[in-house]
Amino acid sequence: MKRRTFLARTGTALAGSRIALTLPAALATWATACTARDEGAFRVLSAREATELEAIAARILPSGESSGESGGASEAGVIHFIDAALADLESGSLEAVRSGLEGLLERAASEHDGARFSALPEADQIAALEAIEDTEFFGAVRYLTLAGMFSNPSYGGNRG
């Protein structure tokens, strides 16, 4: 599936997410995520959570499909923005994100012989995400992914 098709199917960045921020709160999130530029240890995410959330972000904004396109969420370091945002202004959303992630991981494991979401083939990852695209969890992760990708690099996202 092409990046544009997937993005079109997921709708607008804020649709369906009760965690969505107002513009002033979004600006504050970006400002407090400045620490994400240090790509050291994660502040609130475990290594497992970071790996799985990064795989989700990579399906939301995949790497360029041809040599002429730019990198995706992984290349931009979006997972570090997400970690910083969940550590600070979005800390109230951390448990909802963790709970939603665990649900997704449990479904992936039960449907794919114990496989982790991040280890699934791209088509299976996309199918799993399409099944939850109307959930609060997916809306929150989509929002944070887009914010991390398109924010000013000084806010910790959009690396390089």
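Here are the numbers for the structure shown:
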quantity: Sulfur and carbon atoms: percent of accessible area, the stretch 61-150 [1.4 Å]; calculated: 49
quantity: Relative packing of peptides 103-114, 124-135, 76-87, 45-56 - highest average C-beta neighbours within 10 Å first; calculated: 76-87, 45-56, 124-135, 103-114
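The values are calculated or read from the model by the stated rules, or taken from the named source; none is laboratory data. Worth saying up front: this structure is predicted, and the values here are computed from it rather than measured. Cβ: placed from backbone, ideal geometry, glycine included. Neighbour counts: every protein chain shown. Note: areas computed on protein heavy atoms with side chains; ligands, DNA, RNA excluded. Shrake-Rupley method; radii C 1.70, N 1.55, O 1.52, S 1.80 Å.
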